[in-house]
Amino acid sequence: MMAVGVENYVLIRADYNLIDCRCLEVDCVDYEHYSKLPRLVRKNGVMFGLTGWNSDRGIACYKDRVITAKAI
């Protein structure tokens, strides 16, 4: 049996609600990893924007209440 990589996906560590938004946490070991993460992700039709990185916990955070625009 052979494992096959899946492109264009991030592994979500946690999905929870804050007072004013919904947050997704993904693994993020250092700034180089953070800079390579997609700026926007979609989960169940909801867009989440990359909002920060916590080096102590090794996570990056995506939130749903960010303003996004499509480049043309």
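The values are calculated or read from the model by the stated rules, or taken from the named source; none is laboratory data. Only a predicted model underlies this, so the values are computations on that prediction, with no experimental measurement involved. In this analysis, Cβ positions are derived from the backbone assuming ideal geometry, glycine residues included, and neighbour counts consider all displayed protein chains.
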- prompt: When residues of region 27-72 are filtered for being exposed (fewer than 12 other Cβ atoms within 10 Å of the Cβ), among the basic types (K, R) and in a strand (DSSP E or B), how many remain?
  reply: 1
query: If a residue has to be out of contact with any Asp or Glu (no Cβ under 8 Å at 6 or more places or on another chain), part of a strand (DSSP E or B) and among the β-branched types (V, I, T) to count, how many in region 10-26 make the cut?
result: 1
- prompt: Take the residues of region 1-26 that are more than 16 Å from the chain's Cα centre (by Cα) and either surrounded by 10 or more Cβ atoms within 10 Å (Cβ to Cβ) or not aliphatic (A, V, I, L, M) (or both): which is modelled with the highest pLDDT?
  reply: D20
task: Select from region 28-72 the residues that are more than 13 Å from I12 (Cβ to Cβ), touching a strand residue (DSSP E or B) at 6+ places or on another chain (Cβ under 9 Å) and of a type in the set (S, T, Y) and list them in ascending order.
output: Y31, Y34, T51, T68
